[in-house]
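Worksheet for the structure shown next.
The values are calculated or read from the model by the stated rules, or taken from the named source; none is laboratory data. These numbers come from a predicted model, not from an experiment. Note: ideal-geometry Cβ built from the backbone for every residue, glycine included; neighbour counts use all protein chains shown.
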Ligand code: 3HC
């Protein structure tokens, strides 16, 4: 059990923690002590400026990814092959919108305005996941996104439920439950295609060929080239490194591909008896960085669609603000009447 060296309040439990040592440790050491003791950091707790900035960066990129992530799939809502598929896809896309909103709210607890975050997205200053810059050209792409993209997202996000920052960790619990439904709906779409006609099986294989490597890239640069991993691991924002999560994803996906009877497009995929993991081929990091820098197949299209939706939704935000002001005025008038 971690013992606090200076008196301080844990805002999560509201406990006043005892002072056991006269020596005043620095705020930063105390902060790291709480993290090492698995005590959540809450919005009003003291935190190093760099921790706050790292969280704003990661949570906002994550929120933007959820919001932009609606676009490739939204493209198929009106073309889903049956009412059942349409309902599933609609529910999934709505879930992504919800995830974006929880995450923007979690980010706002760190003292940044939502308008600023949205502005960073719309001006191209903020990053969002590379994966959403690829096109969805067939119905099988919707299955492949569910299986591979949501599968990769869960692998990365379940550990974030144990992130040191309370609001982010708590938001992720619900997000992960929903992501697991998304992964299963995608897998079920592909399983149906795998039992279909030759044409359907070819469509499935083609989608997996196109989505496999971008999904493997989603985990970010290799640990040796990742500037943020070491510090984020120390602060328990990240619980596993990019390469560790990528390896878990590859191991799980190879087994699932056997059930779908599809070939993963990597001739170097091979089980390694020594490590107990699948070895895989070289990732095209040039492609990854091109997409991250805005030069992927759909980057411009995605940003333009987001900006257009934001502009066209201005009247909804204005109406909501006007309604809130009216409610506040009404409440103030009724309070003054009682007084
Ligand atoms: N796409 C775009 N940028 C990426 C990226 C990717 N796939 N992977 C890494 N990067 C960026 C990082 O943001 C960082 O940029 P910055 O320093 O300018 O902000 C840079 O590349 C270096 O990478 P690092 O590994 O050092 O960065 P991190 O420590 O932040 O790790 C991460 C990257 C693993 C993505 C981490 O931020 C993370 O776990 N984020 C939370 C999860 C998330 O955002 N997932 C996005 C997908 S959400 C989703 O898929 C929705 C679902 O509905 C399908």
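Can residue 124 be described as more than 13 Å from the ligand (Cβ to nearest atom), outside any helix (DSSP H, G or I) and surrounded by fewer than 16 Cβ atoms within 10 Å (Cβ to Cβ)? So that I can check it myself, show each step before the final result.
On the way: more than 13 Å from the ligand (Cβ to nearest atom): no; outside any helix (DSSP H, G or I): yes; surrounded by fewer than 16 Cβ atoms within 10 Å (Cβ to Cβ): yes.
Criteria not met by residue 124.
Just need a number here: residues in the range 40-53 that are within 14 Å of the ligand (Cβ to nearest atom) and over 15 Å from residue 169 (Cβ atoms). I'd like the intermediate steps shown before the answer.
Taking the range 40-53 first, the residues within 14 Å of the ligand (Cβ to nearest atom) are 50-51, 53.
Keeping just the survivors that are over 15 Å from residue 169 (Cβ atoms) gives 50, 53.
Selection size over the range 40-53: 2.
Which is away from the ligand (no atom under 12 Å from the Cβ), farther than 15 Å from residue 214 by Cβ, more than 12 Å from the chain's Cα centre (by Cα) and not in a loop (DSSP other than H, G, I, E, B), of 95, 119? Explain how you work it out, then say what you get.
Values: 95 fails: away from the ligand (no atom under 12 Å from the Cβ).
On inspection, the qualifying residue turns out to be 119.
Scanning for something more than 19 Å from residue 97 (Cβ to Cβ) and surrounded by 19 or more Cβ atoms within 10 Å (Cβ to Cβ), does the range 178-189 turn up at least one residue? Don't jump to the end; show me each part of the working.
To start, the set of residues in the range 178-189 that are more than 19 Å from residue 97 (Cβ to Cβ) comprises 184, 187-189.
Now restrict to residues that are surrounded by 19 or more Cβ atoms within 10 Å (Cβ to Cβ): 187, 189.
Scanning the range 178-189 turns up at least one residue that is more than 19 Å from residue 97 (Cβ to Cβ) and surrounded by 19 or more Cβ atoms within 10 Å (Cβ to Cβ).
Residues being more than 16 Å from residue 67 (Cα to Cα), in contact (Cβ under 8 Å) with a residue 12 or more places away in the chain and surrounded by 14 or more Cβ atoms within 10 Å (Cβ to Cβ): count how many of those fall in the range 282-315.
6
Name every residue in the range 226-242 that is closer than 23 Å to residue 266 by Cα and near the ligand (Cβ under 8 Å from one of its atoms), in order of residue number.
First, the residues of the range 226-242 that are closer than 23 Å to residue 266 by Cα: 241-242.
Passing the criteria: only 242.
Residue pairs, Cβ under 6 Å, 6 or more apart or interchain, first in the range 144-159 and under 12 Å from residue 249 (Cβ atoms) and at pLDDT below 95, second near the ligand (Cβ under 7 Å from one of its atoms) and in a helix (DSSP H, G or I). List them.
none
Looking at 155, 203, which is the one that is over 15 Å from the mean Cα position of the chain (by Cα), buried (at least 18 other Cβ atoms within 10 Å of the Cβ) and not in a loop (DSSP other than H, G, I, E, B)?
None of the others qualify; the one that does is 203.
Looking for something more than 26 Å from the chain's Cα centre (by Cα), crowded, with 16+ Cβ neighbours inside 10 Å and either at pLDDT below 95 or not in a loop (DSSP other than H, G, I, E, B) (or both) - is there at least one such residue anywhere in the range 11-30?
Yes, the range 11-30 contains a residue that is more than 26 Å from the chain's Cα centre (by Cα), crowded, with 16+ Cβ neighbours inside 10 Å and either at pLDDT below 95 or not in a loop (DSSP other than H, G, I, E, B) (or both).
Quick one: residue 45 ticks every box in (1) modelled with pLDDT of 95 or more; (2) exposed (fewer than 13 other Cβ atoms within 10 Å of the Cβ); (3) out of contact with any helix residue (DSSP H, G or I) (no Cβ under 6 Å at 6 or more places or on another chain); (4) not in a helix (DSSP H, G or I) bar one, so which box is it?
The one condition residue 45 does not meet is (2).
Quick check, is residue 67 within 16 Å of the ligand (Cβ to nearest atom), under 20 Å from residue 226 (Cα atoms) and part of a helix (DSSP H, G or I)? Spell out how you get there, then give the answer.
Values: within 16 Å of the ligand (Cβ to nearest atom): yes; under 20 Å from residue 226 (Cα atoms): no; part of a helix (DSSP H, G or I): yes.
Against the criterion (within 16 Å of the ligand (Cβ to nearest atom), under 20 Å from residue 226 (Cα atoms) and part of a helix (DSSP H, G or I)), residue 67 does not qualify.
When the range 187-221 is examined, which residues are found to be free of Cβ contacts under 8 Å to residues at least 60 places away in the same chain and within 10 Å of the ligand (Cβ to nearest atom)?
If the condition is that a residue be free of Cβ contacts under 8 Å to residues at least 60 places away in the same chain and within 10 Å of the ligand (Cβ to nearest atom), then 220 is the only one that fits.
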